[in-house]
Amino acid sequence: MVVFEKPKSLTDAEFHYCPGCTHGIIHRLVAEAIDATGCEGNAVGVAPVGCAVMAYNYFACDMVEAAHGRAPAVATGLKRAMPDHVIFTYQGDGDLASIGMAETVHAAARNENITVIFVNNAIYGMTGGQMAPTSLPGQVTQTSPYGRDVKTAGYPVKVCEILSQLDGPEFIARVAVNNVKNVRNAKKIIQKAFENQIAGKGFSLVEVVSSCPTNWGMTPVKALEWVEDKMIPYYPLGVYKDRSAKEAE
Amino acid sequence: MNIEKAKRVTLFCGHYGSGKTNLAVNYAMFLRRQGRPVALADIDIVNPYFRSKDSELELRAAGVDVISLPFANSNVDLPSLPSEVYGLVEKRDRMAVMDIGGDDRGAYALGRFAPYIVRENDFEMLFVVNFYRPLTRTAEEAFEVMREIDAVCEVPFTGIVNNSNLGELTDEDCVRRTFKEAQKLSRLADKPVRFTSVEERLAGSFPEDGIFPIRLQKKLF
Amino acid sequence: MSEKVLMKGNEAIAEAAIRAGCRHYFGYPITPQTELAAYMAKRMPKIDGVFLQAESEIAAINMVYGVSSAGLRVMTSSSSPGVSLKQEGISYIAGSDLPALIVNVERGGPGLGGIQPSQSDYYQATKGGGHGDYHLIVLTPASVQEMADLTALAFDLSDKYRVPAMLLADGTIGQMMEPVELPEESCSKVEKPWAVTGTKMQRKHNIVNSLYLVPEELERTNMERFERYAEIEKNEVRYEEFMTEDADVCVVAFGIAARVSKNAVVAARKEGIKAGLIRPITVWPFPKQPVADIAPRVKGFVSVELSMGQMIDDIRLACGCSKPVSLCNRVGGMIPTPDEVLDAIRKMNGGLA
C-alpha cells in the first residue's frame, strides 16, 4: 500500500513556496478533491495575484491567470461559457477580501456555481508582508509597523461571516491546516465544495486559515501555534452556511 | 382624419423607436392647426437623445405648449418628471398630447397620472407600431410588446397607429406591405387601427381614409 | 417583411453580434449605450445565450476574459467612463492574446462629463488605454449599417489575430435610427487550440496567462505580438475616400464627424473649392498611406473631431508634418455643423500656415 502519493491533478513542477508555508498543503487538498471527484479533465482553475500566482503551473487541469481580485468574475465567465465544467478559484486574502471584494460578494449573491478556495494568512506575502484586510488588530506588518491600529486602519474583514448573511451562496465554511485533525477536516470540506458544484448546488467557498512564517517572522512551528492561539479565536472554524443541509433538516 | 372625434388626451405608447415622439409632435401640430389649444407633454424616461424637445422652437412658434423633462437634451440623464404634467391632466383646459417612453419600461412613468386620465375618461391610448423594427417584425411580436405595456400601465389601449417605415428608404410599397400585419394586430388585440402615418412626400399615393401625413424632424447629418 | 429593418445603432451592434455567433454578453448600465444591453437582455435568453448584468465594468470585462479563455465569442459594451474602468481587463486580455469585442459608445468627458456624443476617447482607444505595450483593432462606424457590419468584422479580425477589437462609436450613431440590412449568420472560423476547455486527460494543460517570470520570455512575447500588429497594419487598414482625386483640401474625419464633413465637402465643391474626405474606418491601424499619398497634392488637411484634437496627431505623423493640419472641432457633446467644417475648408484653401 502506498502511503504517500502525489495527487494526479498536480503537475511535476516543484512548489516555489517558502518552507513551512501552508499553500503546499492546501494545493494538495484541492488536488485531492479534484482527484476524488474525478473532474480533472473537465476542470478549469483560476489563479490569483498573490503568493499563489503561479498555481497555474501546479494544477494539471486547464488554468487561467486572473487580474488581482477578479478571479470570481473570470470564473463566472468560464462557468457561463462551459456550464458542465468544474470551475474553481484559488485566492488569497488581499485578492479576495480587499481588491476583489465586490467580485466575491456578487458571485456569492448570484450563487454562481463555482468553488472558491480562500487562503487567509492575514498578510500580503507576495509583495513582502504588508497589512492585509484580514490582519489581526495589533498585528505588526510592513505597513502597520506599530501594529494594526483599528482606529486608523480599521478592523479585519471576516469573509465567512459576511457571505453567510447573503441569501445567494450554497456553502460557506472556514477550516484550518495547522494540525492533522484540522487538515483532515479541511480535506473533507474542500471536497464537499467541489461536490456541491458538480451537483449543481451553487457557490461554495472554503476559507482556509493559513500561516506565513516568512512574513510573520516566525519559525514554521511558532507560526502554527500563532494560528491556533491568535487566528482561530478571531476567525472561528466551522460551517457558516450549508443551504442543502439546512433544507434537508 | 376626423378631428371632431379627437379625445381630450391622446397618448402615444409603443416599442422603442416606433416613432412615438415624431407622431406626438405631428399630432399636436395637427390639433393646433384645427384651432385647438394644445400642450405636448414629453414624459419619455427612456430615451436620452432625439426628443420632442428637439422640436420645441417649432412647436412653440405654432402655439403648442411644450412640457418636457427638466433635463431633456442636457448632459445628464436624470429622468425626473415635471410637475406641470399634473396640471395638464387635471385642469382639462387644453388638448393634451403625451409622448410616453418606449416599451413597458417607459410606460411605468404613466402610472402616476393614470387615475386622472381614466377618471376623466376622454382619452385615446394609442399603440404605435413600426413593423420594420427588429423586435416587432410581426403582429405576434408587436402584440407581445403591447401586452407588456398593458401589464404595467393602468390606461387601457384604445387603438393602434401603424407607423411602419424604413426611414429615408420608405416608399409606397413599403408602407402598403404592412397593412395586412396591422389588421392582424388589430384582430389579436381587439383594437381598431386608428390611422396609418406616412411621410408627407408619400401622402399623395394614399387616397384611402385613415392616413395621417407626418413631417420628419430635420436631419443634420 | 423585407430584409431591411429600421434600427438604432446600438441595437444593430447587438443583433449583428448575435448573428456573428456571440452568445455571451456582460455589461453594466450606462447612457448612451443602454439599448444594446436592453436588446441583449431580451434576446439572449430566447437563444440560449447569456446576458449578465455585472456588478461593475471591471467585473464585466473580466467575465469577458473568462468566456474568451474558453474559446467562445464574447463582448461587452459601455460608454467612456465605463470603458476607463475596463482598461485593466483589456490590458490582461491583450496580454493573454485573447479575442474579444469591446464596444465604446462614447460620451463627453473627462470625468463624468455628459451623456451627449463625443470622440474624445480616441487616444485611449488607439494608443493603449491600459498599461503595457499593446494595441486594439479599432473600428469606427459612421452609420447604423456599419454598426452592424463592423461588429461582424471585429469578431472575425479579433479571432484571426488573437487581438481584442474595439468598436469606437459615439452616442449619436448609437442612438440614431436608420434602415439596415443585417449580416448573415456566421461563427468563428478559427481553431482555438489554446482555449481552456478541459484537458479531457488527453493533452497537457492549457494556461491563459499574461505573467512571464523570465524577462527574456516577456520580451519575446511582446516582440511576437508586435509582429502580429505589423501584419494587421499591412492587411487590415480600412478607409473610405470621397472626392479626393483632385482635392486641394483634404478633410479627415471618422464616425459622426465624417457624416458632417461629407456634407461640407459637397458644399465646398459647390462654391468651387476642391475639397475631399478621407474617412478612416480603422483608426488603429490608422490609414497612414492614403494620408501620405495625398499630402504632396493638397494645400493642407482639416481634422474634424469631437475632441480637443487627438486624431490630428496621427494625420501629422502620417504626412510627416509636410502640410499644415488644422483642427475643426466641437466638444462636450456638441457636433460641428457642416457650415463650421465648410468654414475650416475655406480657410485651409485660402492658405493657412
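Here are some notes:
- Length-normalised contact order of the stretch B:3-214 in % [C-alpha pairs under 8 Å, at least 6 apart]: 22 percent
- Mean separation of Cα contacts under 8 Å (6+ apart) over length of chain A, as relative contact order %: 19 percent
- Helix A:23-37 axis, angle to chain A major axis (alpha carbon atoms, nearest 10°): 10 degrees
- For chain B, adding -39500 (n - 2.57) for each run of n ≥ 4 DSSP H residues and dividing by the number of residues yields -9000 deg cm²/dmol at 222 nm.
- For the stretch C:1-105, GluC sites (Glu not before Pro) are listed when DSSP marks them as loop and at most 15 other Cβ atoms sit within 10 Å of their Cβ; the list is C:Glu3.
- Per-residue Cβ neighbour rank within 10 angstrom, fewest leading, B:Cys13, A:Cys160: A:Cys160, B:Cys13
- Set of aspartates and glutamates near A:Lys230 by C-alpha distance (under 20 Å), chain-local residues within fewer than 8 positions excluded: A:Asp93, A:Asp149, A:Glu161, A:Glu207
- Unsatisfied cross-links (Cα-Cα over 28 Å) in the set B:Lys184/C:Lys8; C:Lys160/C:Lys323; C:Lys160/C:Lys288; C:Lys4/C:Lys86; C:Lys86/C:Lys204: C:Lys160/C:Lys323; C:Lys4/C:Lys86; C:Lys86/C:Lys204
- Judged by the gyration tensor of its Cα atoms, with axes a ≥ b ≥ c, the stretch C:293-341 is oblate; a/c meets the 1.5 cut and b/c is at least as large as a/b.
- Against chain C, whose longest principal axis comes from its Cα atoms, helix C:80-95 is set at around 60 degrees.
- The chymotrypsin sites (Phe, Trp or Tyr not before Pro) of the stretch A:139-214 meeting both criteria, a DSSP state outside H, G, I, E and B (loop) and at most 12 other C-beta atoms within 10 angstrom of the site's C-beta, are A:Tyr146.
- Taking amide H atoms as placed 1.01 Å from N in the peptide plane, the amide H of C:Cys328 lies under 5 Å from those of C:Ser303, C:Val304, C:Glu305, each 5 or more residues away in sequence or on another chain.
- Euclidean distance of C-alpha centroids, the stretch C:76-152 and the stretch A:6-75, integer Å: 33 Å
- Estimated Rh, the protein assembly as shown: Kirkwood, alpha-carbon pairs, angstrom: 29.5 Å
- Here is how the number arises for chain A: DSSP H runs of 4 or more residues each give -39500 (n - 2.57), the sum is divided by the residue count, and the result at 222 nm is -9000 deg cm²/dmol.
- Counting only lysines at least 8 places from A:Lys192 when in the same chain, those with an alpha carbon closer than 20 Å to its own are A:Lys8, A:Lys79, A:Lys181, A:Lys201, A:Lys241, A:Lys246.
- Residue order, fewest to most surrounding Cβ atoms within 10 angstrom, among A:Ser98, C:Ser80: A:Ser98, C:Ser80
- Rounded, prolate or oblate (a/c below 1.5 giving rounded, otherwise prolate when a/b exceeds b/c) for the stretch A:144-249 by Cα gyration tensor: oblate
- When the Cα gyration tensor is reduced to axis lengths a ≥ b ≥ c, the ratio a/c stays below 1.5 for the stretch B:3-214, which is therefore classed as rounded.
- Within a straight-line Cα-Cα reach of under 17 Å, A:Lys6 can be paired with the following lysines, leaving aside sequence neighbours fewer than 8 residues apart in one chain: A:Lys187.
- Here the 3J(HN,Hα) profile of the stretch B:58-66, calculated from phi with Karplus coefficients 6.51, -1.76 and 1.60 at θ = phi - 60°, is 4, 5, 5, 4, 7, x, 8, 6, 10 Hz, Gly and Pro shown as x.
- Those GluC sites (Glu not before Pro) in the stretch C:145-244 that DSSP places in a loop and that have at most 11 other beta carbons within 10 Å: C:Glu184, C:Glu185, C:Glu191
- Here the sum of -39500 (n - 2.57) over DSSP H runs of 4 or more residues, divided by the residues of chain C, equals -12500 deg cm²/dmol at 222 nm, to the nearest 500.
- Sorted by Cβ density within 10 Å, fewest first, the residues A:Asp84, C:Asp97: A:Asp84, C:Asp97
- Contact order, relative form, for chain C: 18 percent (alpha carbon pairs under 8 Å, 6 or more residues apart, mean separation divided by residue count).
- Between helix C:144-161 and chain C there is an angle of about 50 degrees, using the helix long axis and the longest principal axis of the Cα atoms.
- Largest-first ellipsoid semi-axes for chain A, taking √(5λ) over the Cα gyration tensor eigenvalues, angstrom: 26, 21, 17
Any read-out appearing in this document is the output of simple, stated calculations on the displayed coordinates, not a laboratory observation. All values reported here derive from a predicted model rather than from experimental measurement. Cβ: placed from backbone, ideal geometry, glycine included. Neighbour counts: every protein chain shown.
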